[in-house]
1. Can you list residues whose amide H is under 5 Å from Phe245's amide H, if they're 5+ apart or on another chain and H is modeled 1.01 Å from N?
2. Report the FRET efficiency, 1/(1 + (r/R0)^6), for Ser203 and Thr154, where r is their Cβ-Cβ distance and R0 is 22 Å, rounded to 0.05.
3. Taking amide H atoms as placed 1.01 Å from N in the peptide plane, list the residues 5 or more away in sequence, or in a different chain, whose amide H sits under 5 Å from that of Arg159.
4. Can you pull the percent of the chain's accessible area that's carbon plus sulfur, 1.4 Å probe, other chains left in place?
5. What is the Cα convex hull volume of the chain when expressed per residue in Å³?
6. Around Glu35, under 14 Å between beta carbons, what's the net of Lys plus Arg minus Asp minus Glu among the other residues?
7. With θ set to phi - 60°, apply the Karplus curve 6.51 cos²θ - 1.76 cosθ + 1.60 along segment 181-193 and write out the HN-Hα couplings as whole Hz, x wherever there is a Gly or Pro.
8. Based on the Cβ-Cβ distance from Ser106 to Ile41, what FRET efficiency comes out when R0 is 25 Å, to the nearest 0.05?
Amino acid sequence: MRKLIVFFSFWFSATIVVAQNTERKLYSIAFYNLENLFDTIHDAGKNDYDFLPDGSYRWTAKKYEAKLHNLSDVLSALSRNLVPEGPAVIGVAEVENHRVLTDLVSQPAMANYKFVHYEGPDRRGIDCALLYDPQQFAVTNSKLVLSAPFEGDTVHLTRGFLIVDGRMAGERVCFIVNHWPSRGAKSPVRVHAARQVKALTDSLMHEDKKLKLFVMGDMNDDPMDESMQTLGARKYISGMKANQFFNPWWEILEDKGVGTLLYRGKWNLFDQIVLSRPLVKAKKGLRYDHSEVFIRDYLIQQDGKYKGSPLRTHGGRVWLNGYSDHLPTIIYLKTLLSRKSG
């Protein structure tokens, strides 16, 4: 009899807990600069000559296939330890065209992904794109917004801003994928890019004040730099205004010393994903949980001149058969789903 009472007492307590608790389900969003994902075919009007079989990199079908295989290994591993389905969305930069993206998602490890891409005017032919898992994210609308030159500077044009709208976990989310001008350009050129993105985000958030909006990309600036402040990306959640963004990478770089690319012995964190206020203040649905730079031993050069740096495709003109000169970044989101007792 005593055992029976203990059993029912345990069952009743467990039922109460289940009725009051919520179930956490994680989703992930990633960004990765793929570092010169070129095929071996010349695109008319583009300066892609280095990446041809007779170009300076001697870019052959064998090297191209190895690059696709290596990248698919990384992309398919992102967040899998915490999210078995993998990222719902992966923003990418430095892809040459529709063809290389088709070849990338044709890799066995990437078979569940589709992509959104528009051919842009970049002189080298590199664009941004969005890979997505249709089982986790449904695209409803997309467009490429071309950038305006800074004070007539047509040399340091930024790539177009890729906007993709859709539904994830039952609610609207929106992504803007960026690749701002390199450090070969002065800071004001990237600030100019940030102002253009800020105009886009202000417009989107004015139309939908509850919009869960991600701005991601290779900004070629660190989280504390002027361009990111122009965008309104803050280090702390507290005190955020309606049109501002939370930037978790600021703390990761400044306080933890972790970055996504190494230059002259110093880590930078150019590859950022920042989140609108509803993503960090939400009381229901998708909400920010945590973030990480995806660092694995196999992604790091273990010896030689570039020891400690991300293992890239080429060191100078020498083929290293690596991955990228950048590391991927990942944002994790949680959603609270009510559970009822039986």
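The values are calculated or read from the model by the stated rules, or taken from the named source; none is laboratory data. Computed from a prediction, not measured in an experiment: that's the story for all the values here. Cβ coordinates were reconstructed from backbone atoms using ideal geometry, including for glycine residues, and neighbour counts include every protein chain displayed. Surface areas here come from the heavy atoms of the whole protein model, side chains and all, with no ligands, DNA or RNA. Shrake-Rupley method; radii C 1.70, N 1.55, O 1.52, S 1.80 Å.
1. So Phe245 has HN proximity to Ala233, Arg234.
2. Values: r = 26 Å, r/R0 = 1.16.
After rounding to 0.05, the efficiency reads 0.30.
3. Residues meeting the criterion, in which the H sits 1.01 Å from N, are His179.
4. Details: 8730 of 16200 Å².
The value for the chain is 54 percent carbon and sulfur by accessible area.
5. Taking the convex hull of the Cα positions in the chain, it is 168 Å³ per residue.
6. Counting the neighbours of Glu35, the net charge comes to -3.
7. Computed from phi, the couplings for segment 181-193 are x, 5, 5, x, 9, 6, 3, x, 5, 6, 4, 4, 4 Hz.
8. Working: r = 16 Å, r/R0 = 0.65.
The formula returns an efficiency of 0.95 here.
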